[in-house]
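These notes concern the structure reproduced below.
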Amino acid sequence: MKRHFRELSVAAALALLLLALAIFAPNFYSLQPLLSRLTAQMPALVAAIGMTLVIISRQIDISVGSQFGMCAVIAGLLAAAGLPLPVVLLASIGAGAVMGAVNGALVAWLGLPSIVVTLATMVTWQEALRLWQQGRLLNLPPGVQWFGLSQSAGQMALIGFAVALVALGAWVMKNVNAGRFIHAVGSDAEAARLAGINPHRVTFGVFALMGALVGLAAVMNAVQSPQVQPTCGDGLELKVIAAAVVGGVAVSGGRGNLWGVFPGLLLLANVNPALTHFHVQAYWEKAIQGLVILLAVVADGIRSRRAVR
Amino acid sequence: MKKLWLRHEMILLVVLVLEILLFNAIGRRFLTADNVANIVRQSVEIGLLALVMTPVILTGGIDLSVGSLLGLCAVTFGMLWGELHWPPWVAATGAVGVGAMGGCVNAALITRLRLPPLIVTLGTFSLFRGLAEALTSGTKAYTNFPASFLALGNSFFLGVPVQAWVFVVVAVAVWLLVHRTTAGRAFRAIGFAPEGARFAGLPVERRIAQAYVLAGAVAGLAAVIFVSRVTEARANAGIGYELAAITAVVLGGTSIFGGVGSVHGTLLGVAAVAVLGNGLSRILSITAFSRELSGILTGALLIVALAAGTLLRRAPGAKGRGRSG
Amino acid sequence: MPDLLRATQLTKSFGAVRALRGVSFDLRAGEVHALLGENGAGKSTLIKVITGAHAPDSGSLEVGGKTVNHFNPREAHRRGIACIYQQPALFPDLSVAENIALRLETPRAWRRVRSASRIARARELLTRIGADIEPRREVRYLSMPEQQLVEIACAIGSGARVVIMDEPTASLTQNEQHLLFAVVRDLRASGVGVIYISHRLEEIFALADRVTVLRDGESVGTNALDSMNESSLIAMMVGREVSHTFPTAEGAPGDVALSLHELGCSASGVHGVSLDVRAGEIVGLAGLVGAGRTELARVLFGLTPADRGEILLNGERVVVADPRTAIAHGVAYVPEDRRRHGVILEMPIAQNMSMAIHGLIFPGGWLRVAAELRLADEFIASLDIKAAGPGAPGASLSGGNQQKVSVARWLATKPRVLILDEPTQGVDVGAKSEIHRIIRQLAQDGLAVLMISSDLPEVLGMSDRIAVMRGGTITTLLDGKPDAHTVMAAALGKEAA
């Protein structure tokens, strides 16, 4: 009970929000729009898996939005060139992993602060993409959208896949040594070193995996529409960080749980539709995200101060 | 120690001069009055942010929210002038006040609740930009400012762009603060050893708070200049400026881990980035994409400067371990 | 049967400080060997050599009959040496079972975690030492003694032949202590050698078979405990009369400068402290590590403000809420940890010296470099500080000179009360007597000096009066010139023999 307090309270807040919508804006629940909205969050969910691991290892990655855009464009170009979808997927994952590995190498082996490194790579990739594509939209060939399935089948497939990935990630984090190493390094890197774990390798691996997951998420996003927008990743980093932090991952590292990203992300994702349904302007999304991040760290700060005494 | 960073600034100065000579040799009309004024105008806002980022980083902190705060202050300024019909110069004071308040939010969370500056200012980075967007419904822009106000960003005074005078005043003030006052001394001491500073009776929390509030207030000032230069107030003002400012500071020899650094180094860093961006875009004659190019350069330069700083520090050997008996 | 561990003539220096000067030590299978000595006697350095954290400068170490050539912690671990520190190095965010597993298993990233068997093994190990700890609990929810028990379980689980315990009972309750003793006896019965460090004599007599006493980096001797009693053990620790002479006081002390009445601070465990310190007087504050001396100093300096009792300065009641108010009231504190708290190593010594008087020498907040340099030059001359100049960074100075810089910073505040915390720790002999001379001169000039020291000869030689602390309060006040035996007995909580 005590250890899952954060997850439960976020889930309760989400339930409350959904209940309020059910009472005051019942058409929020009409099936197809609901399904679409849910599917639209799945790429962020997959990226949030990576971000959770990054934060557990006591790092942060704010370049994921730019990585996402870059991967989306690469995937889009390859798909438009007629390559089969599995190849496109692999290429996107590979591109993401390379970008993640750059961050990882700089953070792990040069000991640079991850916030500054990823801030720099964020802008580098973002502007490189702009210079390269100049904001052009990419049209995808017809077979790509929803993997060539019907819309609802595609949506179901994406949701099922993303949820399965979270489940797999949660299982690995708990049941494979590597997952425990991530917790160990985030908890106390020096003690980890003494226990024979190489903290540099763990940090590098986590950043590379973060990139690979972003590559995967970019394809999951691309198949939802007939076009790829180079700006599709803008702001993703904050949404994903907020989802992880709200879901109970401590920014001080070591602690957190992948299941928390569900209520975390859904709560954040539903703020905007809820605002619209309550006839509040939708432009508050970013402000609310920022506020939510601050609230989460303030809550953590107060809790850890109390724990220290 | 002192010699080391002095040397860093000398190297940077040489690089800057070489840059200028190179661009002047191969670029067209690089060292013309027009182009120099252009470079100055385009770098004043980032330069202001870099100036006040210096004390923040000297204390071992960081402020990611200054770019967003610039956007929020720009919008506030537009609203005060456009909706409440305040005279521009009064509205400007209001914008600076809002900036200082934003800095207070950062300072309170960092010093009162002892939260890491990084995550606090990441949160306010999003919050301030979000407020700016919410206040303007995302797209609304305030325009048609009076010519007397636009002069700040687009005219000359004694042959120099008007905003350059503001910049010089702020630069001198920040230089004096960092290099000639006890506050500056305290920033360094805190950056080197926060506990040691506390044991010496320095007002650690108060100094840290002052650095963030100053950063906020100057972000407000930069917002006013920005609005005057681009002639409109919009929520997207200053996107990515925090990175450019941090880059200039780190490039200028200030250690991202705190303690070591100087304001003149930051000024050289600002100049080096500005000249490089402008010069390259002229050589490649792709002026249309100068923003993207300078973004890429800024990011790459920041990483190179950080990596070089870390590798250089590592070279003389790790710090001696504490002993015991 | 060879000894489990044999150290021969180990030496180790840190800069000018010789922490070990040829220490020999041996540990047999199935014995508890107590290691005793004052702070700075070389115990921790010896332990760090044995656990591979430091390589010795000379001498040799044999473990299980084989000479150790490579000193690193993993190597020592492989040879079956385990150390239980006072502050356990566990992962706070992982469960007890996982902490034990990460210690004991070779780290293979892609191996499946067998939670059930990890938990079972942890439970088995914990049961073996009689610890009632749920293996699934996260370590950060455990108390300090519980964490220690987890460390012991790790040591046992790794099949360690040599187990080092560094003041293991410092934070344990009576019950937990008995539990721990039983564990130690079990270890001994199973043929493990235990090196047991403690200041509590009753524990040593209850538990240990032999004792080695260290003093000034040398071994005073190793004896079987059944041939000793408390008095002879104290005599061993105290040693011969010290050779070097201390400056003596001239004239009578003045009025009471600092007066404490029932002072307490619940956060740091200081309680019921009453003490008067007169101007011109040096009061030595003796006691063991953890007796609350540094904690008391921090209360007086406002780092952890008092919540009970009162502080009077020159007869006037004052509230010391933070270091700034302490400084304003004329209280100065030269901290124990010179490198972290006393001097900012990266900054020039002139800037270090002026740091506590910014308001005084820099009116209006403007730096006046000339005044600062003048101040630095004065102190460099008057304290005879060896440095390249006032611009030399603190890190470039030797320990003793750093300490003088730290003292200079506080003398610059023209204090009325000077608190010195271990003023000569890690300082070589020459600088030590110089610092002693300076301290006496300061008292002579009218300062009230409160000197915390674990160096018994220093306390005896320097102090006009000695206050002995134990368990967070002053238990004994000794006037005149008590002998070492009396002070040590008081610090250990024994009646003087």
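The values are calculated or read from the model by the stated rules, or taken from the named source; none is laboratory data. Computed from a predicted structure; not experimentally measured. Every residue, glycine as well, gets a Cβ built from its backbone with ideal geometry; the counts of neighbours run over all protein chains shown.
One line per residue, one yes/no per condition, for (1) closer than 18 Å to residue A:214 by Cα; (2) part of a helix (DSSP H, G or I); (3) facing another protein chain (nearest Cβ under 10 Å):
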| residue | (1), (2), (3) |
| --- | --- |
| A:123 | yes, yes, yes |
| A:132 | no, yes, yes |
| A:135 | no, no, no |
| A:141 | no, no, no |
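The residue of the range C:341-383 that is nearest to residue B:193 (Cα to Cα), among those that are within 8 Å of another protein chain (Cβ to nearest Cβ) and part of a loop (DSSP other than H, G, I, E, B), is C:344.
Only one of the numbered conditions (1) at the interface with another protein chain (Cβ under 10 Å from one of its Cβ atoms); (2) more than 21 Å from residue B:115 (Cβ to Cβ) is violated by residue B:242, and that is (2).
Candidates are the residues of the range C:48-58 that are buried (at least 16 other Cβ atoms within 10 Å of the Cβ) and away from chain A (no Cβ under 14 Å); the one that is farthest from residue C:25 (Cα to Cα) is C:54. If you scan the range A:185-199, which residues turn out to be crowded, with 17+ Cβ neighbours inside 10 Å and either more than 8 Å from chain C (Cβ to nearest Cβ) or assigned to a helix (DSSP H, G or I) (or both)? Matches in the range A:185-199: A:185, A:186, A:187, A:189, A:191, A:192, A:199.
Among all residues of the range C:384-397, there is at least one that is buried (at least 23 other Cβ atoms within 10 Å of the Cβ) and within 11 Å of chain B (Cβ to nearest Cβ). Only a single item in (1) at the interface with chain C (Cβ under 9 Å from one of its Cβ atoms); (2) surrounded by 24 or more Cβ atoms within 10 Å (Cβ to Cβ) is not met by residue B:203, and it is number (2). Within the range B:151-183, the residues that satisfy the criterion of being among the small types (Gly, Ala, Ser) and more than 19 Å from residue B:88 (Cβ to Cβ) are B:159, B:164, B:171, B:173, B:183.
Checked against (1) part of a helix (DSSP H, G or I); (2) over 15 Å from the mean Cα position of the chain (by Cα); (3) crowded, with 23+ Cβ neighbours inside 10 Å; (4) at pLDDT below 90, residue A:182 meets all criteria but (4).
So in the range C:313-363, with the set limited to residues that are in contact with an Asp or Glu (Cβ under 7 Å, 6 or more places away or on another chain) and of a type in the set (D, E, K, R), which one is surrounded by the most Cβ atoms within 10 Å (Cβ to Cβ)? Among those residues, the one meeting the criterion is C:336.
Meeting the requirement of 2 or more residues that are crowded, with 24+ Cβ neighbours inside 10 Å, the helices (runs of 4 or more DSSP H) wholly within the range A:24-82 are A:42-56, A:64-80. For the range C:315-340, taking the residues that are out of contact with any Leu (no Cβ under 8 Å at 6 or more places or on another chain) and of a type in the set (A, V, I, L, M, F, W, C), the one that is farthest from the other protein chains (Cβ to nearest Cβ) is identified as C:319. If you go through the range B:245-257 and keep only what is among the hydroxyl-bearing types (Ser, Thr, Tyr), part of a loop (DSSP other than H, G, I, E, B) and either within 11 Å of another protein chain (Cβ to nearest Cβ) or touching a strand residue (DSSP E or B) at 6+ places or on another chain (Cβ under 8 Å) (or both), you end up with just B:255.
Each residue in the range C:460-497 was checked for being in a helix (DSSP H, G or I) and under 23 Å from residue C:279 (Cα atoms), and 3 of them qualify.
Within the span defined as the range B:156-165, every residue fails to be touching a helix residue (DSSP H, G or I) at 6+ places or on another chain (Cβ under 7 Å) and more than 20 Å from residue B:231 (Cβ to Cβ). Based on this model, can you work out whether residue B:151 counts as over 30 Å from residue A:123 (Cβ atoms), away from every other protein chain (no Cβ under 11 Å) and in contact with a helix residue (DSSP H, G or I) (Cβ under 9 Å, 6 or more places away or on another chain)? For residue B:151, the condition - over 30 Å from residue A:123 (Cβ atoms), away from every other protein chain (no Cβ under 11 Å) and in contact with a helix residue (DSSP H, G or I) (Cβ under 9 Å, 6 or more places away or on another chain) - is met. Residue C:61 fulfils the conditions (1) over 30 Å from residue C:491 (Cβ atoms); (2) within 14 Å of chain A (Cβ to nearest Cβ); (3) out of contact with any Asp or Glu (no Cβ under 6 Å at 6 or more places or on another chain) except for a single criterion, (2).
Sub-6 Å Cβ pairs linking a first residue in the range A:281-304 that is touching a residue at least 40 places away in the same chain (Cβ under 8 Å) to a second residue that is in a loop (DSSP other than H, G, I, E, B) and of a type outside the set (Gly, Ala, Ser), at least 6 apart or interchain, are A:297/A:251; A:297/B:115, ordered by first then second residue. For the range B:187-210, state whether one or more residues are modelled with pLDDT under 95 and under 20 Å from residue B:19 (Cβ atoms). No, every residue in the range B:187-210 fails to be modelled with pLDDT under 95 and under 20 Å from residue B:19 (Cβ atoms). The residues on offer are B:97, B:103, and the sole one that is surrounded by fewer than 17 Cβ atoms within 10 Å (Cβ to Cβ) and closer than 20 Å to residue B:173 by Cα is B:97. Look at the range C:417-433: where a residue is farther than 15 Å from residue C:41 by Cβ and a partner is in a strand (DSSP E or B) and not hydrophobic (A, V, I, L, M, F, W, C), sitting 6+ places away or on another chain with Cβ atoms under 9 Å, you get C:418/C:333; C:419/C:333; C:420/C:333; C:421/C:333; C:428/C:18. Please name all residue pairs, on different chains or six or more residues apart, with Cβ atoms under 6 Å, provided the first residue is in the range C:244-270 and is within 14 Å of residue C:441 (Cα to Cα) and the second residue is modelled with pLDDT of 85 or more and in a loop (DSSP other than H, G, I, E, B). Final answer for the pair search is C:249/C:464; C:253/C:280; C:253/C:281. Screening the range C:207-228 for residues that are hydroxyl-bearing (Ser, Thr, Tyr) and under 25 Å from the mean Cα position of the chain (by Cα) and picking the one that is nearest to the other protein chains (Cβ to nearest Cβ) gives C:219.
When you check residue B:230 against the structure, is it among the β-branched types (Val, Ile, Thr) and free of Cβ contacts under 8 Å to residues at least 60 places away in the same chain, yes or no? When the stated conditions are applied, residue B:230 does not pass them.
Out of curiosity, is residue C:301 surrounded by 15 or more Cβ atoms within 10 Å (Cβ to Cβ), of a type in the set (Phe, Trp, Tyr), in contact (Cβ under 8 Å) with a residue 24 or more places away in the chain and in contact with a Leu (Cβ under 8 Å, 6 or more places away or on another chain)? No: the conditions fail for residue C:301.
Among the numbered conditions (1) within 14 Å of chain B (Cβ to nearest Cβ); (2) without any contact (Cβ under 8 Å) to a residue 12 or more places away in the chain; (3) in a helix (DSSP H, G or I), the only one that residue A:87 does not meet is (1). All of (1) within 12 Å of residue A:44 (Cα to Cα); (2) in contact with a Phe, Trp or Tyr (Cβ under 8 Å, 6 or more places away or on another chain); (3) of a type outside the set (D, E, K, R) hold for residue A:219 with one exception: (2).
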